[in-house]
2 protein chains.
Amino acid sequence: MSGARLRLYELVLANGRSASPYVWRIRYALAHKGIEFESVPLGFTEIPAAFGGRSRTVPVIEEGGVMLGESWDIAEYLDRTRPDARLFSGDSELATTKLLDAWLHAEVLRRMFGLYVLDIYNAARPEDRAYFRESRERRLNGRTLEEFTADRVQRLPAMRTALAPLRAHLGQHPFLGGGAPNYADYMVLGALQWVASVSTLPLLEAKDALLRSYYERSLALFDGLGRDPRAQPLFE
Amino acid sequence: MSGARLRLYELVLANGRSASPYVWRIRYALAHKGIEFESVPLGFTEIPAAFGGRSRTVPVIEEGGVMLGESWDIAEYLDRTRPDARLFSGDSELATTKLLDAWLHAEVLRRMFGLYVLDIYNAARPEDRAYFRESRERRLNGRTLEEFTADRVQRLPAMRTALAPLRAHLGQHPFLGGGAPNYADYMVLGALQWVASVSTLPLLEAKDALLRSYYERSLALFDGLGRDPRAQPLFE
């Protein structure tokens, strides 16, 4: 595969930052495996047409004639094609991590969407905003992004409580993966990076020491992959 | 270790059934690894004094002079002493499964306790009931078990919604562990067996097809380990 560098299609905001929690997982997974890649940034409006109908979401990777969407399929592909520095030891760990993702989706990502959807709109490239608003408001059964997020401050406590299992775990281990980060970390860091890309409302309390130290420790991973002066603060 | 059969100290109800979600995990883990054991049933009042202060909870296992409490420590011990049919491929899978357990504790087990604590009281051996009531009502800041569970029917919908991630996963895989059960299954089955030991209020709706077929499939595991005519129905 020399010369045929892997390409990662990402979602890009007006400030140039990558904004999808699922793209961020793959960014971390590529770093975990030491795979260099070429980034192809796309705005919200460019994604539906970019892959000839084969994928309507990012991440998408392309390599040596293979084009693949869906972050789970990509993660499995990376382990299959590069057996070193595996993301998953086998089917059992893969399944357990997917189950954890189902919890994360239901309890965390959904709530983050509810808190930050208007922030995402405002952070999108100007030419993407009308499309973003129209497509998301359809999901919200016609409520505007402004109506949907009007009471978001009242929803912060439930969001913070939903993260209690992470704190319980991080009280015992430096990373969600134990002594070293694993894909569970990349899923959670992906969500945090997503929020940090757009947030105008700090997700976490200043006194949330376990999550704060975890976040700081994680920003240092992979030569500071997650560090970015454009990132918004996650803590009050 | 011939002749020195492993002993599993369990919590027993009036009807002879084992009633702790954490004991049930270890029952499944022992079956997964094909380890025969001798059951030592203890009532609630017998546990605090049974281990000379070394453990105040079950499960506890004893084998060749080793006595060990805490289900996670026991699971790790079983993998260390019997490397076949591993429960966890290594530290990464172990950590991810523990993180999943933190979610399960926060979102599921806590709610089950709130729904079924009075049922547990009624199912306990008569001589254990006063102790059970006194110790649990202290945790409830002095509310009686009856007061605490009076509105439990209103709390069923939130309990059922909390299981949505399991349904999402089981729509894709026959077991939480993927094609075959793993410790994530044993954690969830342990919780379901706990409820089935005592329940007077069906946990799940009749139409909950994914969880129903999962439960039936799981009862058949290990020669019907989970099947028991004394078990209460989990479905309406």
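Between the residues A:G224, A:N122, A:W72, the greatest Cα displacement towards the positive end of the dipole of the protein assembly as shown, with unit charges on the Cβ of Lys, Arg, Asp and Glu, is found for A:N122. Each residue of the stretch A:147-157 was assigned a 3J(HN,Hα) from its phi angle through the Karplus curve 6.51 cos²θ - 1.76 cosθ + 1.60 (θ = phi - 60°); the sequence is 4, 5, 9, 4, 9, 5, 4, 5, 8, 4, x Hz, with glycine and proline shown as x.
So what's the net charge close to A:R111: Lys and Arg +1, Asp and Glu -1, counting the other residues with Cβ under 12 Å from its Cβ? Every neighbour counted, the sum reads +3.
Here the contact order of chain A, divided by its residue count and restricted to Cα pairs under 8 Å and six or more residues apart, works out to 24 percent. About the centre of its Cα atoms, chain B shows a dipole size close to 340 debye [charges on the beta carbon of Lys, Arg (+1) and Asp, Glu (-1) only; nearest 20 debye].
For the stretch A:70-81, the Karplus equation 6.51 cos²θ - 1.76 cosθ + 1.60, evaluated at θ = phi - 60°, returns couplings of 6, 4, 5, 5, 5, 4, 5, 4, 5, 5, 6, 8 Hz by residue, with Gly and Pro reported as x. Rounded to two decimals, the Cα-based Rg/Rh of the stretch B:106-155, with Kirkwood Rh, is 0.96. Taking amide H atoms as placed 1.01 Å from N in the peptide plane, the amide H of A:E10 lies under 5 Å from those of A:V40, A:L42, each 5 or more residues away in sequence or on another chain.
In the structure shown, the pairs A:K33/B:K33; A:K33/A:K98; A:K33/B:K98 are assessed against 26 Å; a Cα-Cα span above that value is assigned to A:K33/B:K33. The residues neighbouring B:L68, those whose beta-carbon lies less than 12 Å from its own, together hold a net charge of -2 under the Lys/Arg +1, Asp/Glu -1 convention. Within the protein assembly as shown, the proportion of Cα pairs with more than 31 Å between them is 49 percent.
Taking label points 7 Å from Cα along the Cα-to-Cβ direction, A:D84 and B:Y131 give a separation of 5.8 nm. Computed on the stretch A:8-81, with alpha-carbon pairs under 8 angstrom and 6+ residues apart, the relative contact order is 34 percent.
Work out from phi, with θ = phi - 60° and the Karplus expression 6.51 cos²θ - 1.76 cosθ + 1.60, the ³J(HN,Hα) of each residue of the stretch B:104-118, listed in order in whole Hz, and give x for Gly and Pro. Taking θ as phi minus 60°, the curve returns 4, 4, 5, 9, 10, 4, 4, 5, 4, 4, x, 7, 10, 5, 6 Hz for the stretch B:104-118. Remark: mean inter-chain Cβ contacts per residue of A:83-95 equal 5, using a 10 Å Cβ-Cβ cutoff to other protein chain atoms. Looking at chain A alone, DSSP beta bridges between its own residues are antiparallel in about 55 percent of cases. Across the identical copies, the label point of A:G142 (7 Å from Cα in the Cβ direction) is separated from its matches by 5.2 nm, in order from shortest. Counting only DSSP beta bridges whose two residues both lie in the stretch A:8-81, roughly 65 percent are antiparallel. With a 10 Å cut-off around each Cβ of B:175-184, the average count of Cβ atoms from other chains is 5. Taking a Cβ cut-off of under 13 Å around A:F37, the surrounding Lys, Arg, Asp and Glu residues balance to a net charge of 0, with basic ones at +1 and acidic ones at -1. Computed extension length for A:D228-A:N141: 27.8 nm, one decimal, from 0.36 nm per residue of separation with the Cα-Cα distance subtracted.
This ranking places B:T96, A:T45, A:T200 by how few other beta-carbon atoms lie within 10 Å of each, fewest first, which gives A:T200, A:T45, B:T96.
The calculated 222 nm mean residue ellipticity attributable to helices in chain B amounts to -15000 deg cm²/dmol, summing -39500 (n - 2.57) over DSSP H runs of n ≥ 4 and dividing by all residues.
Of the beta bridges in the protein assembly as shown, as assigned by DSSP with both residues counted there, near 55 percent are antiparallel.
Each reported figure results from applying straightforward, stated rules to the coordinates on display, with no laboratory input. Just so you know, these numbers come straight off a predicted model, no measurement behind them. Glycine gets a Cβ as well: all are built from the backbone with ideal geometry, and neighbour counts include every protein chain shown.
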